[in-house]
Amino acid sequence: MSNDTKKPYAQRIRDALSFRKLQQASILLLLVGLCAFASYRSPTFFTWTNLVDNLLTNAAALGVIAIGMTFVMIAGGFDLSVASTTVVCSVVLVLTMDALSPYGAAVAIPAALLLTALVGIVLGAANGVLIAYVGVNPFVVTLSTMLVFRGLALILTGGGQAKQVADIPLRNQFNWVYDAQLPLFGQSCQVSMPIVIFLVTFCLGIYLLRFTRFGHYIFAIGGNEEAAWLAGVNTHRIKAATYVLCGFTCAVAAAIFVAMTATAQAESHVGKELVVIASVIVGGTPLGGGSGGLTSTLIGLLLLRVIDNLLTQFSVGAEYRKVVTGMIIVIVVTIDVLAKKRSRK
Amino acid sequence: MYSNDRLRRAQSSRVIGTPFCNKSQNGNPVLQMQGIVKEFAGTRALDEVDFDVRPGEVHALIGENGAGKSTLMNVLAGRFDDYDGLITFDGRQVRITSPRQARDMGIAVIYQELSVLPNFTVAENIMLGDEKAGRWTRKLDRASINAGARKIIEYLRFDLDPDEPVEKLSKARQCLVEIAGALRRNIRSRPGKGWPSRSQILVFDEPTASLGSEDIDKLFGVIKDLRDKGLAMVYISHRLAELPIIADRVTVLRDGRTVGTRAITDCQISELTRMMLGHDLAEAFPAKSPQAEKTNRPGKVILKVDGLSRPGVFENISFELREGEILGIAGLVGSGRSEIVRAIFGADDARGTVEFRGKPIIGRSPSLCCAVGIGMVPENRKREGNITGRPVSENLTISILERLSGTLGFQSPRNLTAHATRMIEQMKIDPPRPQMDIQDLSGGNQQKVIVGRWLAAESKVIIFDEPTQGIDVGTKSQMYRLIIDLARQGRAIILISSELIEITKLADRILVIRDGRLVREMMGPETDEDALFAECVGKDKSE
């Protein structure tokens, strides 16, 4: 067959606009369309307060977890335990900050953050070792650890009481993680700290996934794990690393949540793992892995959040919001399946 | 058995390498396997097999399913660590215990199910596992991936675009990608020197099974080119017709033993067939008396297939099937014969109509065909036939559960077992225990269960797709008698087999399929194995 350069121009355009890419573009288009519709119907939608302060800031913490989840899912894995991991991290953060508060904020906060990050990494590693080295199915492993970690959080909080960051000075010195506003776009258009944290994680994630050998191998494992292993890729280590990474992002998200509420509650964030997985899938990372990316996850997350925000603005009840969210997931995945069938023919 | 020292020396052989070798200059084998024995749960899959490959030759390895070709190559590829026997690779004795070790030594297997990464480009696939990254930034060096791949593609003179995603390539080109990836290490480790080094062997495991004829020609061109460069290759195949085109020597395996090794120039296809099957198969057929044939005239048309097409697989297949008739469908593997019967049975979508007793079956699906009265004994018993992990009784009755169930769908276990016991008696399934897990039966008895399933369903048309694959001669003989008996009872049979002798001995009428087209219809008694083979191959290729 001919090389790319010899192909007729029309064919090259058709290649570039493959059905798959069109489908990705259609989600972006849907997002833009929804935003346009929303700002037309609701005067408050397209305001800085609603979009940045409200929508994006609230989505930031879940967005950070979604970054970790994207790594796991591109490698063909799955993590149901993220919400539980986040809760354990929150509880550990609050407890250590409380315990270390006598040493002053300068010691307590960095130490607590460090420990929290470590806990996130250890919990992620537990998943990773079981899945990658022992070879247990990721669904089973993370379903169990979801329960185990949740129980751990309950034990740490003495049966589920909300733990407050009690020391008032410490509390005031920590909530910058949530409250700080950076005047990136002038005084009237400030960007909150969670968004900044998300953007930093996002950029690091993009670098890791798209520009390093580690990221390259993640795609390889998602494409054909056996082939990657035979080619000399240490698939076990890389798969385990994705779960560690995911645990770490949970710890980061935990810091944002704690700063937001100044409490940690073992019973919170139930079901959030599904929101995270949903945004990864809606974005276009398939369940088997091998393709997808962080930008698509971001688009998926935004789509779900915008729909949610919109329905809230029109004061639609939470019950209907769930129905709509569920339907969006099914529709997007159905389109994906049909697209694959078509491209195979 | 082998000292560590020896092993280490063997493993390091690829680093040291040996001088360039030319096929004319050196006829010593690159690989020698001697007295290889491998057992699975007490049965010998390989029994003292000898095999060797020389540089610059394609050595074909043929045999029936279960003869041990794949097991032998799996030993070579390091998939087992508990084999016995000696392997000498590149002049050193080695013991291969893991796929990684095999690959590092320079043994590459190209399996029928290609193991490429569909989501990667050609270049990324070829260079997988050999990427360079920045020391501090850990940044992946994409430029070196492309440059390295380009060099290898140029070296091998493959027609590949490094930037193209592999999922868009045809199967044949994906195969080229895999070959390039397998040979990468060897080429890169010897820049500027002769290639290939002796420590490289390439095994093809039925590479043409999923390729069209054009792609096959392309692949053969590549294999010949590699051979001329001095590479040692093993070629596993079912298709005898390919061997004169591609192979230099042929080794035949049967029942885990080496039957013999021949140079391709001094052997006939029919001789190879005999070596593959053993001499006794022709005697396994029940004698057909001329009288029986006269009394057994086929009856009314029961199945009419009209214009059945699946683009790219088969085109415009039309035929009629009569009650009491055995219709053989002959063709090479990959000619589309299995796909045709799968489409008739509704397992695959296809255009065209199928009429059963004059009424078209609309919206064909296996469940509908089963209800109408068509049954199929599928080609791949393990994957499509057995319901693994369930007892024989359930496997026998799965297709008639509706009929066996009482009020509100209640299934009486006793009723089920009683029915199964009757079938077990009728089919002479051994051991006759309905509660036994089907996977614990021998291959032949598993097959009897699957056939029994359709007898239980009282199907009027039964499709047999390779019914005797991987079963012993005794059971084969029983299967032949059963097929003839079923036809005598007035059922219509469609029989597909790679063993052409089965078709010529059993079928009343034979359809020859070549490249997805119905090219000829022959009467069974008029033809013999060699004539039918020539038809299947097409006359131009048989010469």
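The values are calculated or read from the model by the stated rules, or taken from the named source; none is laboratory data. Here the structure is a predicted model, which means the values were calculated and not measured. Please note: Cβ atoms are built from the backbone with ideal geometry, for glycine as well, and neighbour counts cover all protein chains shown. With ligands, DNA and RNA removed, areas are computed over all heavy atoms of the protein, side chains included. Shrake-Rupley method; radii C 1.70, N 1.55, O 1.52, S 1.80 Å.
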Could you say whether any residue in the range B:67-78 is more than 14 Å from chain A (Cβ to nearest Cβ), open to solvent by less than 10 Å² (accessible area, probe 1.4 Å), modelled with pLDDT of 90 or more and in a strand (DSSP E or B)?
no
For the range B:445-493, what are the residues that are in contact (Cβ under 8 Å) with a residue 60 or more places away in the chain, among the acidic types (Asp, Glu) and touching a helix residue (DSSP H, G or I) at 6+ places or on another chain (Cβ under 7 Å)?
B:Asp465
Being in contact with a Ser or Thr (Cβ under 6 Å, 6 or more places away or on another chain), part of a helix (DSSP H, G or I) and of a type in the set (Val, Ile, Thr) narrows A:Thr297, A:Thr334, A:Thr325, A:Thr312 down to just A:Thr297
Looking at the range B:74-89 only, could you name the residues that are touching a residue at least 12 places away in the same chain (Cβ under 8 Å) and out of contact with any strand residue (DSSP E or B) (no Cβ under 8 Å at 6 or more places or on another chain)?
B:Arg79, B:Asp81
So which residues in the range B:110-124 are open to solvent by less than 20 Å² (accessible area, probe 1.4 Å) and either within 30 Å of B:Arg92 (Cα to Cα) or within 11 Å of another protein chain (Cβ to nearest Cβ) (or both)?
B:Ile110, B:Val116, B:Leu117, B:Phe120
Within the range B:390-421, track down each residue that is among the aliphatic types (A, V, I, L, M), modelled with pLDDT of 80 or more and in contact with a Ser or Thr (Cβ under 8 Å, 6 or more places away or on another chain).
B:Leu416, B:Ala420
Residues located in the range A:219-246, provided they are open to solvent by 30 Å² or more (accessible area, probe 1.4 Å), at the interface with chain B (Cβ under 7 Å from one of its Cβ atoms) and outside any helix (DSSP H, G or I)
A:Asn224, A:Gly232
Name the residues in the range A:74-110 that are within 16 Å of A:Phe248 (Cβ to Cβ) and part of a helix (DSSP H, G or I), would you?
A:Val82, A:Ala83, A:Ser84, A:Thr85, A:Thr86, A:Val87, A:Val88, A:Cys89, A:Ser90, A:Val92, A:Leu93
Can you find a residue that is among the small types (Gly, Ala, Ser), more than 22 Å from A:Arg305 (Cα to Cα) and at pLDDT 85 or above anywhere in the range A:35-47?
no
Would you call A:Phe185 within 14 Å of another protein chain (Cβ to nearest Cβ), in contact with a strand residue (DSSP E or B) (Cβ under 8 Å, 6 or more places away or on another chain) and surrounded by fewer than 20 Cβ atoms within 10 Å (Cβ to Cβ)?
no
Output the number of the condition that A:His216 fails; it satisfies all remaining conditions of (1) open to solvent by 50 Å² or more (accessible area, probe 1.4 Å); (2) closer than 20 Å to A:Gly76 by Cα.
(1)
Scanning the range B:90-103 for residues that are among the β-branched types (Val, Ile, Thr) and free of Cβ contacts under 8 Å to residues at least 40 places away in the same chain, the one surrounded by the most Cβ atoms within 10 Å (Cβ to Cβ) turns out to be B:Ile96
Mind checking which residues of the range A:295-325 are within 13 Å of A:Ile277 (Cα to Cα) and open to solvent by less than 30 Å² (accessible area, probe 1.4 Å)?
A:Ser296, A:Thr297, A:Gly300, A:Leu301, A:Leu304
Restricting to the range B:134-152, name every residue that is out of contact with any helix residue (DSSP H, G or I) (no Cβ under 6 Å at 6 or more places or on another chain), at pLDDT 85 or above and among the hydrophobic types (A, V, I, L, M, F, W, C).
B:Ala143, B:Ala147
Which count do you get for residues in the range B:32-65 that are surrounded by 24 or more Cβ atoms within 10 Å (Cβ to Cβ) and in a loop (DSSP other than H, G, I, E, B)?
2
Of B:Lys224, B:Lys218, which residue is part of a helix (DSSP H, G or I) and modelled with pLDDT of 90 or more?
B:Lys224
On the basis of being closer than 22 Å to B:Thr397 by Cα, open to solvent by 20 Å² or more (accessible area, probe 1.4 Å) and of a type in the set (A, V, I, L, M, F, W, C), does B:Leu482 make the cut?
yes
Restricting attention to the range A:100-114, and to residues there that are aliphatic (A, V, I, L, M) and open to solvent by 70 Å² or more (accessible area, probe 1.4 Å), which single residue is nearest to A:Met73 (Cα to Cα)?
A:Leu114
Here the residues within the range A:201-217 that are over 15 Å from A:Cys250 (Cα atoms) and either of a type in the set (Asp, Glu) or more than 11 Å from chain B (Cβ to nearest Cβ) (or both) are A:Cys203, A:Leu204, A:Ile206
How many residues, within the range A:256-283, are open to solvent by less than 10 Å² (accessible area, probe 1.4 Å) and not hydrophobic (A, V, I, L, M, F, W, C)?
2
Within the range B:161-175, restricting to residues that are within 20 Å of B:Glu113 (Cβ to Cβ) and open to solvent by 10 Å² or more (accessible area, probe 1.4 Å), the one that is farthest from the other protein chains (Cβ to nearest Cβ) is B:Lys171
Just checking, how many residues over the range A:188-213 are modelled with pLDDT of 85 or more, out of contact with any strand residue (DSSP E or B) (no Cβ under 9 Å at 6 or more places or on another chain) and either loosely packed, with under 13 Cβ neighbours inside 10 Å or of a type outside the set (A, V, I, L, M, F, W, C) (or both)?
6
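Taking helices (runs of 4 or more DSSP H) that do not extend beyond the range B:361-435, which have at least 3 residues that are touching a residue at least 12 places away in the same chain (Cβ under 8 Å)?
B:366-372, B:392-397, B:413-427
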Selected residue (only one of B:Gly106, B:Gly129, B:Gly85, B:Gly148 is within 25 Å of B:Met233 (Cα to Cα), surrounded by fewer than 21 Cβ atoms within 10 Å (Cβ to Cβ) and within 14 Å of another protein chain (Cβ to nearest Cβ))
B:Gly129
